[in-house]
Amino acid sequence: MARKRFTRRRFVGAAGTTATLGITGCLGGGGGGGDTIRYLSDRGDSSDVIDEIIAEFEGEYDYTVDVTYTSRGTSTDEELQQMLAAGNPPDIVFDTSTDAYRYQRNGNLAPVSDAVQGTGLPDPVNVDGESYFAPTIVEPLMGWYRNDIYEEKPTTFETWRSEAQRVTEEEDDIDGYIVQSGQTNNAATATTQYLWQNDVEIYGGPSDNIEVTIDQGDNRNRAVETYSWLQEMSEYSPTGSGWGWGDGTQALQQENAAGLMSVGGLPILTIRENRPDLVENLSPTGFPIPEGGQQDKWWAYMEGHVVRNDGDATEGAQEFARFFSESDRFLDFVLSAPLFQWPPTEEGLNSDAVQENEVLAEHQDAVDLIRDNWDAFTTVLETGDGGVPNIVAADAYGQQMFGQSAEQMLVGGRSPEETVDWIAEELRGLQEE
């Protein structure tokens, strides 16, 4: 097969945007052909190292890779829909395990078992013995607080509440905590994790018969207790309705708030660029946990590659998914956003590359937090009995229902009890769709 000369599309800066060079192969107007792999990724900020992995792949295989980048942390859904509408679907997409399971259930994915099985990688989307998701990174939720303002490291529901109240009342123009609500990923993940922290079992049952249990028995009592705590914490927070990841980081950076829950070290990466003087005053911590409780389940986003089965280069995309995870530059990709992206295996976490990374060395307390809680990391997908995939949880996350539940209470005026009833009804509505 003849090699093609290829001009790779480059990320050009603004969040959610893509470059405009060479787009006919992706968005219509020109046939991709079976030797061109269309690749869609939201890791535009890591494009340099990805491009090097692609160049290595193209040097060994008779394929070219036409990549569309968006900025890290932004959705690729708009680009995906454009490509599907144009009749040129991507062959491979960088996405979450939750979306991967939804795509698999809809019949859109080809297996990537060769990239996963026998490699030591997690296998969260295994259906009938085939793997449909090749993990490349984990991104655990994590809190950050002002160590020069908080008098003690906040860990429990009560210490967070008392310290947030003290900071709000004693400090000028700074709130003690940030409570997010609304239809955003940030609000949805945080609200779910608050419930997990209080041992609320939101779901139960096998993959083919998921049951909603959040409003049943002790789960209901603990859920009401959790929403009541969240309602109280909102008194010591700026109005976080509709806030995404960047909004919370901006409030911390501008010293409008002294503590927030985010994802990994994403706030630190931003603040290092804009307020480096503030970084040393920020320390990591886990989500609030009841007095005497244990950290049993910790939401960690898992992102990686899925291969669609409706493109022109499915086999090539499967090869690329395997090649990417086996590349010598794999950890370079992971560490292109240290603190935010973490290796998907404990072996990778303990690798020389991680140990020698300069940014991580400056935040050893964050590395220790990750290492100490590694066994607790899970995804919202793995919430059926025994950790089996849960399509109701995947769909609830896709619609940010738990962020909406916080909004129903904090903005809509529902009581904690009414909020539990509302979210339970909404989740059961998903089962009927």
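The values are calculated or read from the model by the stated rules, or taken from the named source; none is laboratory data. Because the structure is predicted, anything quoted here is derived from the model rather than measured. Glycine gets a Cβ as well: all are built from the backbone with ideal geometry, and neighbour counts include every protein chain shown. The accessibility values were calculated without ligands, DNA or RNA, using every heavy atom of the protein model including side chains. Shrake-Rupley method; radii C 1.70, N 1.55, O 1.52, S 1.80 Å.
Per residue, the solvent-accessible area of region 54-104 (1.4 Å probe, heavy atoms of protein chains only, all protein chains present) comes to 33 Å².
Across region 386-429, the residues whose backbone nitrogen lies under 20 Å from the label position 7 Å along the beta-carbon direction of T239 are 403-415.
Highest GNM mean-square fluctuation among N209, N88, N186, for the chain modelled with Cα contacts below 10 Å: N209.
Between N373, L109, S162, the Cα set farthest toward the positive side of the dipole of the chain (charges on each charged residue's Cβ, about the Cα centre) is that of L109.
So what is the calculated 222 nm ellipticity per residue for the chain, using -39500 (n - 2.57) for each DSSP H run with n of 4 or more, over all residues, to the nearest 500 deg cm²/dmol? Walk me through the numbers on the way to the answer.
Values: 20 runs with 181 residues, N = 433.
That comes out to -12000 deg cm²/dmol.
Any idea which of S283, T191, A85 is furthest toward the positive side of the dipole for the chain, if Lys and Arg beta-carbons carry +1 and Asp and Glu beta-carbons -1? Value: A85.
Taking the Cβ-Cβ separation of Q82 and Q117 as r and a Förster radius of 30 Å, what is the calculated FRET efficiency to the nearest 0.05?
Working: r = 33 Å, r/R0 = 1.10.
About 0.35, to the nearest 0.05.
Database remark: amide H of R308 closer than 5 angstrom to the amide H of I92, V93, A110 (H placed geometrically; neighbours at sequence offset of 5 or more, or on other chains; Pro and chain starts carry no H). Go through (1) 31, 29, 20; (2) 34, 25, 18; (3) 37, 25, 20 and flag the label whose value is the computed semi-axes √(5λ) of the Cα gyration tensor in Å for this structure. So the structure-derived entry is (3). The phi torsions of region 300-307, fed into the Karplus equation with coefficients 6.51, -1.76 and 1.60 and a -60° offset, translate into couplings of 10, 4, 10, 10, x, 10, 10, 10 Hz, rounded to whole numbers, with Gly and Pro shown as x.
Note on the chain: GNM, Cα springs under 10 Å; of A100, A164, A361, the largest mean-square fluctuation is that of A361.
Residues whose amide H lies under 5 Å from that of S131, counting only those 5 or more places away or on a different chain, are V112, S113; hydrogens are built 1.01 Å from N in the peptide plane. Ligands, DNA and RNA left out, the 1.4 Å accessible surface of the chain is 40% carbon and sulfur atoms. Each Cα pair under 8 Å and six or more residues apart adds its separation to the average, and for the chain the resulting relative contact order is 23 percent. With both residues required to sit in the chain, DSSP beta bridges show an antiparallel share near 65%. Counting only protein heavy atoms and a 1.4 Å probe, region 140-277 has 38 square angstrom of accessible area per residue.
Amide H contacts of T136: E303, G304, H305, each under 5 Å away and 5 or more positions distant or on a separate chain (H built 1.01 Å from N in the peptide plane; Pro and chain starts excluded). Label point of N281 set 7 angstrom out along Cα-Cβ; within region 128-170, amide nitrogens under 11 Å from it belong to 146-150. Summary of the geometry: region 180-235 and region 49-118, compared by the centres of their Cα atoms, lie 32 Å apart. Across V334, V112, V127, mean-square fluctuation computed from a Gaussian network of the chain (C-alpha pairs under 10 Å connected) peaks at V127.
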